[in-house]
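Reading through the structure tokens given below for one structure.
The values are calculated or read from the model by the stated rules, or taken from the named source; none is laboratory data. Nothing here was measured: the structure is a model prediction, and the numbers come from that model. FYI the Cβ positions are ideal-geometry reconstructions off the backbone, even for glycines, and counts take in every protein chain you see.
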Amino acid sequence: MSAFKERVFSGVQPTGSLHLGNYLGAIKRFVELQSQMDCIYCVVDLHALTIATPPDELRDGIRGVTAGFLAAGLDPSHSIIFNQSQVHEHAELAWIFSCVARVGWLNRMTQFKEKAGKDRENASAGLYTYPVLMAADILAYKATHVPVGEDQKQHLELTRDIAQKFNTDYSASIRARGHGDVFFPLTEPLIGGPAARVMSLRDGTKKMSKSDPSDYSRINLTDDVDTIAQKIKKAKTDPHPLPETVKELEARPEAENLVGIIAALTDATPEQVLKQHAGAQFSQFKSALVDVAVEKLGPLRAEMIRLAHAQDHIDAVLADGARRASTIAHPIIEEVKGIVGVVGAK
Ligand code: AMP
Ligand code: TRP
């Protein structure tokens, strides 16, 4: 296989407000990767259209997620930060990939089944083909690494399947046009750490999510100190003190979740957290968690609020990012057009 330049791509949907799961599972890791590779971070507004969203809410959401990116420490002079709809190559490549992906593959996607719910006939066709657009997001930049939370694992496997099938189906054309043996990389997911799957504060078996009807299930990045404290104090737990080993957390999802959260917030391992807190009652442990959460999330929230008043700055960051993103995606999509044989491409 030919070597690909290492490049990170990830996306976050601008629906609802960002929560602790988005931060610990994705955005905090985006920030860490900035010093290791070239990074492209996208506010995926076209993905948000798959579930009806009022236009004003969508616009606010796009700027809100961008503010969250910047407040968390993404540096727009270094990484590329933009919203998906400004770079038309995503939608173009998604069409070509929808002709590569198989219906059988899409039928296996569990996120579609969860999001569509019982009334599947009435879900948008976009919700069904959503993972194809996601593959296009990533491969329009030939990205090699994608940091995401655990819930996106299946979509990244589909992305690899699409890349592989494209490389195989068009192998002769790829070689004939001088692109080596393979055109698209098989992207590596970067999933892991104690917060790859942050769970609901109300139910340790359900993931923390923007769409949970209970606001007490999640900590939003815009929550104030009192709200954070209240949500943590009300979080569901079990009646036992914290154990000594991570193994003993396995059958205790709520305890495991809170230990994972404090570990991720303090850049520690769950083992280190238990070393410090073994034997503690939840009342005590929750106080420690409130302190850490307020210390880490307080400055982030303050910066998000400041940026909420700097719309021109946010829009300029997105426009500049979109311009730089197009510079990378445009020639790749032109090559794809040549490979598949449509006329007019170089
Ligand atoms: P979304 O809000 O669905 O666009 O998700 C944005 C990013 O946050 C993706 O990488 C998700 O995998 C990640 N994410 C969302 N919810 C959680 C969660 N509860 N725990 C860990 N990561 C999450
Ligand atoms: N599907 C992802 C989510 O719901 C968002 C997303 C869209 C994405 N395109 C992407 C993530 C490309 C990583 C790479 O969280």
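In the stretch 110-122 there is at least one residue that is touching a His at 6+ places or on another chain (Cβ under 8 Å) and over 22 Å from Glu334 (Cα atoms).
Only one of the listed residues (Lys233, Lys210, Lys165) is within 16 Å of ligand 2 (Cβ to nearest atom), basic (Lys, Arg) and either surrounded by fewer than 17 Cβ atoms within 10 Å (Cβ to Cβ) or not in a loop (DSSP other than H, G, I, E, B) (or both). That residue is Lys210. Among the residues of the stretch 147-155, is any more than 13 Å from ligand 1 (Cβ to nearest atom), assigned by TED's automatic domain parsing to the domain that holds Arg29 and either crowded, with 17+ Cβ neighbours inside 10 Å or not basic (Lys, Arg) (or both)? Looking through the stretch 147-155, none of the residues is more than 13 Å from ligand 1 (Cβ to nearest atom), assigned by TED's automatic domain parsing to the domain that holds Arg29 and either crowded, with 17+ Cβ neighbours inside 10 Å or not basic (Lys, Arg) (or both). Considering Gly298, Gly338, Gly344, the condition of being farther than 24 Å from Leu221 by Cβ, surrounded by fewer than 19 Cβ atoms within 10 Å (Cβ to Cβ), touching a residue at least 24 places away in the same chain (Cβ under 8 Å) and not hydroxyl-bearing (Ser, Thr, Tyr) is satisfied by Gly338 alone.
Kindly state which helices (runs of 4 or more DSSP H) lie completely within the stretch 1-87 and contain at least 1 residues that are among the charged types (D, E, K, R), assigned by TED's automatic domain parsing to the domain that holds Thr144 and away from ligand 2 (no atom under 12 Å from the Cβ).
Passing ranges, in order: 28-33, 55-72.
Taking first residues from the stretch 170-181 that are in contact (Cβ under 8 Å) with a residue 60 or more places away in the chain and partners that are loosely packed, with under 14 Cβ neighbours inside 10 Å and in a loop (DSSP other than H, G, I, E, B), the Cβ contacts under 6 Å between residues at least 6 apart in sequence or on separate chains come to Gly180/Ser2. Counting the residues of the stretch 103-125 that are in contact with a helix residue (DSSP H, G or I) (Cβ under 8 Å, 6 or more places away or on another chain) and in contact (Cβ under 8 Å) with a residue 60 or more places away in the chain gives 1. Residues of the stretch 275-295 that are closer than 23 Å to Gln230 by Cα, assigned to a helix (DSSP H, G or I) and without any contact (Cβ under 8 Å) to a residue 40 or more places away in the chain: His277, Ser283, Gln284, Ser287, Ala288, Asp291, Val292, Glu295. When the stretch 130-146 is filtered for residues that are assigned to a loop (DSSP other than H, G, I, E, B), more than 15 Å from ligand 1 (Cβ to nearest atom) and buried (at least 22 other Cβ atoms within 10 Å of the Cβ), the ones remaining, listed by number, are Ala140, Tyr141.
Among the residues of this structure, Thr205 does not count as one that is outside any loop (DSSP other than H, G, I, E, B) and surrounded by fewer than 18 Cβ atoms within 10 Å (Cβ to Cβ).
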